[in-house]
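Here the structure is laid out as structure tokens; the discussion comes afterwards.
The values are calculated or read from the model by the stated rules, or taken from the named source; none is laboratory data. No experiment lies behind these values; they were computed from the predicted model shown. Backbone-built Cβ (ideal geometry, glycine too); neighbour counts: all protein chains shown. Areas reflect the complete protein model, heavy atoms only, side chains present, ligands, DNA and RNA absent. Shrake-Rupley method; radii C 1.70, N 1.55, O 1.52, S 1.80 Å.
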Amino acid sequence: MPAFSATTRPNHSPIRDIEAVLAGTLALMTAYAQTCCARQAALLAQKIVSNLGTLGGHGDLSANFHTVLRSLEGRWVHEVNEIGALAGAMACAPRSPQTDAELYPAPGRVH
């Protein structure tokens, strides 16, 4: 993936480019949460990992933001591995439903 730079896209600033990748990643995460197809979820998760890696490679973000991105990328790599096993078994296997407690942890339990 090309590095972000103002010269890559003359009419765009690097910050606008990174905002576009971030917005796209959030949209992918939303689609992942809404899909019931394991195959589609696996593809979405792989793209999320790719985007998080791209975001993590951007030099204009703070060290704290890079730490958050590395943590998220690690969690999504784990998700890719988990869902990938199920997706490989069937063309469009249904995902196991998650409980509200798993989707919406109690305040103070978010890590």
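Our analysis of the range 41-89 gives Rg over Rh at 1.08, with the two radii drawn from alpha carbon positions and Rh computed by the Kirkwood formula.
Sorting the segments 54-66, 27-39 by their mean number of nearby beta carbons within 10 angstrom, highest to lowest, gives 27-39, 54-66. Excluding ligands, DNA and RNA, the accessible surface per residue across the range 37-86 is 54 Å² with a 1.4 Å probe.
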